[in-house]
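Peer 1: Sharing a structure with you now.
The values are calculated or read from the model by the stated rules, or taken from the named source; none is laboratory data. Nothing here was measured: the structure is a model prediction, and the numbers come from that model. A quick note on method: Cβ atoms are made from the backbone with ideal geometry, for glycine too, and the neighbour counts reach across all protein chains shown. Each accessible area value is taken on the protein alone, full model and side chains, heavy atoms only, with ligands, DNA and RNA left out. Shrake-Rupley method; radii C 1.70, N 1.55, O 1.52, S 1.80 Å.
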Amino acid sequence: MAVIDIRNKTPRTNGIRPLSAIKKIARHHSATATGNWDAFWPHWKNTRGWGTGGYHEIILRNGDVELCYDPEEITNGVANQNTSIYHICVVGNGSFTDAQEKTFDERAKIAMKRFNLQPKDILGHNEFPGTNTSCPGIKMDTVRARLSSPVASTKDDTAYSSPALKDETELNLGSKARRQMIVDQAIAAGYNKVWQTKLDDKSITDADLLALGAGTSVRNSMPKVEDVKAK
Ligand SMILES: [Zn+2]
């Protein structure tokens with residue numbers, strides 16, 4: 001699974017909100033057999049007259065995900081209720097691939113943690129009041145049951161389109177293994193070993209981990225002495 005960051009090319013006119021305004025995660029389908037942002041945007045812009053796209057994330061048929069907007073951006077997904085919703089679209093028409101479902105679960109868990117939400121807060125488009133649509137084309141009770149059960153950790157084969165995105169996503173997952181990895185990398189990059197102690201006694205905060213992750217990226221991107229000499 002790859003996370004493809006397209007946030008720098010998506011237009012936006014809807015405005016923003018604080019993260020605390022997000023109360024629900026909506027699952028959609030595209031109601032098309034195939035597609036991606038580039039395929040959907042002309043319809044949204046020209047037919048619907050939108051200045052912002054329909055979703056924060058689009059999960060492609062192969063399980064890769066296009067990250068379209070930061071969660072602070074208000075996107076279009078459920079009329080008149082978008083201010084409180086984070087939108088995830090799964091490309092397909094009532095039929096989805098195993099790779100897509102695996103990605104949806106991963107992305108939904110990241111979003112739940114980030115916005116402090118529960119499986120009950122993940123709704124299909126047609127579960128919101130006042131809607132009349134076949135979207136999202138799947139039984140949401142099944143999806144929510146999946147998200148309620150703890151999943152054994154699996155090999156991480158996720159690829160990211162930028163190091164910053166990788167740091168951000170890993171931090172949001174917040175698993176013990178990922179926290180350990182951030183600290184390991186930070187210490188390898190020259191940070192004080194006290195961070196390992198803080199991890200062990202659980203006094204490390206998310207802000208600490210974010211700073212360590214970002215700092216490690218910066219340190220690792222600086223040229224080594226050998227590199228400079230070689231030029
Ligand atoms: Zn929908």
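Peer 1: Would you check if Ser134 is surrounded by fewer than 14 Cβ atoms within 10 Å (Cβ to Cβ), at pLDDT 85 or above, hydroxyl-bearing (Ser, Thr, Tyr) and not in a helix (DSSP H, G or I)?
Peer 2: So Ser134 fits the description; yes.
Peer 1: Can you tell me how many residues in region 39-89 are within 14 Å of the ligand (Cβ to nearest atom) and under 13 Å from the mean Cα position of the chain (by Cα)?
Peer 2: Qualifying residue count, region 39-89: 9.
Peer 1: Residues in region 199-209 that are within 27 Å of the chain's Cα centre (by Cα) and either without any contact (Cβ under 8 Å) to a residue 24 or more places away in the chain or assigned to a loop (DSSP other than H, G, I, E, B) (or both): how many?
Peer 2: 7
Peer 1: So which of Ile182, Ile204 is in contact with a Gly (Cβ under 7 Å, 6 or more places away or on another chain), modelled with pLDDT of 80 or more and surrounded by 14 or more Cβ atoms within 10 Å (Cβ to Cβ)?
Peer 2: Unique residue meeting the criteria: Ile182.
Peer 1: Can you tell me which residue in region 112-149 is nearest to the chain's Cα centre (by Cα), limited to those that are among the hydrophobic types (A, V, I, L, M, F, W, C) and within 16 Å of the ligand (Cβ to nearest atom)?
Peer 2: Only one residue tops the list, namely Ile122.
Peer 1: Under 9 Å between Cβ atoms, at least 6 apart or on separate chains: pull out the pairs that start in region 112-125 with a residue that is open to solvent by less than 80 Å² (accessible area, probe 1.4 Å) and small (Gly, Ala, Ser) and end on any residue that is within 16 Å of the ligand (Cβ to nearest atom) and in a loop (DSSP other than H, G, I, E, B).
Peer 2: Gly124/Cys135; Gly124/Pro136; Gly124/Gly137; Gly124/Ile138; Gly124/Lys139
Peer 1: Read through the list (1) more than 23 Å from Tyr160 (Cα to Cα); (2) open to solvent by less than 30 Å² (accessible area, probe 1.4 Å), then give the number of the only condition that Asn80 fails.
Peer 2: (2)
Peer 1: Also, quick follow-up: If we keep just the residues of region 10-32 that are within 16 Å of the ligand (Cβ to nearest atom) and among the aliphatic types (A, V, I, L, M), which is farthest from Leu67 (Cα to Cα)?
Peer 2: Looking at residues that are within 16 Å of the ligand (Cβ to nearest atom) and among the aliphatic types (A, V, I, L, M), I get Ala31.
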